Amino acid sequence: MRKDLQMPIILAITDCQTDLHVISFTGRDALNEAYRFDIWLIGDPLLDVRSLLHREAFLRFGERRSGVHGQICHAARIHSGVRVSLYHLILMPSLGKLAAHRRRRIYQDIAPPKLIAQLLEIHGIGANAYRFEHMNGLYPARPLHIQYDESDLHLLQRLCEEEGIHFRFEHRQSGHRLVFSDDSASFPAQPVPFRFKRQEQSGTSTGTLLHMAEVLTLPSASRQLVRDLKQTQPRSSKHDENARTPAANHAFQPPDVRGAINREEALSRQRGMRELERLRCERREVSGHSNRPGLRSGEVIQVLDHPEPLLNDQWLLTEVLHAGRQLQVLRGAAAKDALVILRILADEQRSSPAAAQLSGNGYGNRFKAIPWAMPFRPSVRHPRPAAT
């Protein structure tokens, strides 16, 4: 837990002059997911809280004005006090708009990246709010895309999972941007190494890694997967069969004699390789917690000074759970209101792992990561819905 309160937690809301003070927040951001931050604030009991809906806001916590930008998709008063009331806001990216409605549609003769861009622009997310970079794979147009009574967000995430494309977010005070890629070279690196210190040694030092351990899972590949991967291999030729004959002597043949790999074969190999890369990502993962506020999913961290040498490496953050608290903003509130607000916060945040490690004021996070040297492929969490 970081107890340095020189840089307070602030929520700046566009075109809002009302004095609102953040008392606590929790958040989750992960690769290939729409982030969500739950923010609790105290302010004027007469505030028209519904007027905050759909406004852009920037939640600042940490150094160098770092934070998270998004849109307020939920706003409610959860306690009306004498001098101050407690409000709950939810901050999400503009991508969240794609989850609003389920649809049944058909798209014809369009490549997956182009369909992703089309889905974004249908909802008003223009070309300046997203980009594709380091796209090295093959993405031919599919004759038919069927949207099976699923939201546009579910379809977008399903396409990314089927094709092995990842996405993350970039944040600045004036906005956020969605970044799609299929190459690990697109992940930015944290500028400062992450030094491990035991919790009793860390004190209030900035950017300390308090815990990190490897979690090893061994999902078994299905027989169908094995068959599918075998089918991605090129068919044997007479030349290949002769090569397996122990005493065979063969004339030298340049690599281009057999001809270049055709597009269908290259696409089949790509799918098989990305399926294996996805399985590797699911097999090896580390988890940890720290007090560095600047961590975001889709960033690479360099770990140093860990007692386990194998963990002193570069790691790609795949999920970060955030929590922050500054109870001093309750000073001046009526004792009865302060007590009710503290009880509400305790109940609201009981299920948050990151909030559980906070014993008072401060900031903390929990994260998951995989080796950066290992290509990231998203797990299949948004399968094609069953036909009804």
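The values are calculated or read from the model by the stated rules, or taken from the named source; none is laboratory data. Predicted, not measured: the structure shown is a model, and the values here were computed from it. Because the Cβ atoms are built from the backbone with ideal geometry, glycine has one as well, and the counts that use them run over all protein chains shown.
For this structure, a couple of remarks:
- Glu162 being over 26 Å from Ser379 (Cα atoms) and outside any strand (DSSP E or B): no
- Filtered by the rule that a residue be among the charged types (D, E, K, R) and over 15 Å from Ala369 (Cα atoms), segment 293-311 gives Asp305, Glu308.
- Which listed residue, of Gly332, Gly298, is buried (at least 18 other Cβ atoms within 10 Å of the Cβ) and at positive phi: Gly298
- Meets criteria (farther than 21 Å from Met273 by Cα, β-branched (Val, Ile, Thr) and in contact (Cβ under 8 Å) with a residue 60 or more places away in the chain) for Ile116: yes
- Residues of segment 92-113 satisfying the condition of being under 24 Å from Arg28 (Cβ atoms) and in contact (Cβ under 8 Å) with a residue 60 or more places away in the chain: Pro93, Ser94, Leu95, Gly96, Ala99
- Checked against the criterion of being farther than 26 Å from His171 by Cα, in the same structural domain as Val22 (by TED's automatic domain parsing) and buried (at least 17 other Cβ atoms within 10 Å of the Cβ), segment 309-322 has no qualifying residue.
- Qualifying positions in segment 344-382 - basic (Lys, Arg) and surrounded by fewer than 20 Cβ atoms within 10 Å (Cβ to Cβ): Arg350, Lys368, Arg381
- Qualifying residues in segment 101-130 (those that are surrounded by 15 or more Cβ atoms within 10 Å (Cβ to Cβ) and assigned to a strand (DSSP E or B)) - the one nearest to the chain's Cα centre (by Cα): Tyr130
- Strands (runs of 3 or more DSSP E) within segment 278-350 that include 2 or more residues under 30 Å from Ser186 (Cβ atoms), among the small types (Gly, Ala, Ser) and within 23 Å of the chain's Cα centre (by Cα): 284-290, 314-325
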